[in-house]
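Here's the structure we're looking at; comments come further down.
The values are calculated or read from the model by the stated rules, or taken from the named source; none is laboratory data. Because the structure is predicted, anything quoted here is derived from the model rather than measured. Here Cβ is always computed from backbone atoms with ideal geometry, including for glycine, and neighbour counts include all displayed protein chains.
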Ligand SMILES: CC(C)(COP(=O)(O)OP(=O)(O)OC[C@H]1O[C@@H](n2cnc3c(N)ncnc32)[C@H](O)[C@@H]1OP(=O)(O)O)[C@@H](O)C(=O)NCCC(=O)NCCS
């Protein structure tokens, strides 16, 4: 059985307020949860302030339903001079216990200083 790639970063209930007008979960909410999860993985490495600079190779494979538990996993795939890329997978646990990968993508973050300017990773 295929297992999630990376470390568990967040786990959250998909609530009615996160749904689109059709009643399924809104892609923007899911993207936001994945951004948070990738940011947590990156911050554990960078240990400082970050800004999201890019989201690539995003694929929505299956829908998320209200009442699913969403689990997001992060795996650091590249560390550059000022940027860090994290592969993020989102998995949904359905009400019947079934667990499926719903979305994945690459999130890139830049280490920034107090003024919001990029700074080399590894320097305070
Ligand atoms: C992030 C930010 C500080 C970068 O500043 P910048 O001076 O333009 O930075 P650069 O273009 O030199 O890129 C910095 C790093 O990001 C990487 N990067 C830039 N654009 C990228 C992209 N589209 N995909 C992947 N990496 C990218 C660069 O390769 C570089 O990495 P490296 O130093 O490890 O080689 C600036 O663009 C910014 O403030 N953006 C807004 C961030 C934000 O508000 N995010 C939240 C959105 S709601």
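Quick look at the values:
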quantity: Candidates 121, 84, filtered to the one that is in contact (Cβ under 8 Å) with a residue 60 or more places away in the chain, surrounded by 14 or more Cβ atoms within 10 Å (Cβ to Cβ), within 11 Å of the ligand (Cβ to nearest atom) and farther than 23 Å from residue 16 by Cα; calculated: 121
quantity: Residue list for segment 54-71, restricted to those being surrounded by 15 or more Cβ atoms within 10 Å (Cβ to Cβ) and within 16 Å of the ligand (Cβ to nearest atom); calculated: 55, 58
quantity: Candidate set: segment 38-53, residues that are over 17 Å from residue 117 (Cα atoms) and at pLDDT below 95; chosen: the one farthest from the ligand (Cβ to nearest atom); calculated: 44
quantity: Total residues in segment 66-97, condition out of contact with any strand residue (DSSP E or B) (no Cβ under 6 Å at 6 or more places or on another chain) and under 18 Å from residue 30 (Cβ atoms); calculated: 3
quantity: Residues that are more than 16 Å from residue 94 (Cα to Cα), surrounded by fewer than 16 Cβ atoms within 10 Å (Cβ to Cβ) and free of Cβ contacts under 8 Å to residues at least 60 places away in the same chain, drawn from segment 4-26; calculated: 17, 20, 21, 22
quantity: Hits in segment 9-63 (condition: part of a helix (DSSP H, G or I) and over 24 Å from residue 81 (Cα atoms)); calculated: 16, 17, 18, 27, 28, 29, 30, 31, 32, 33
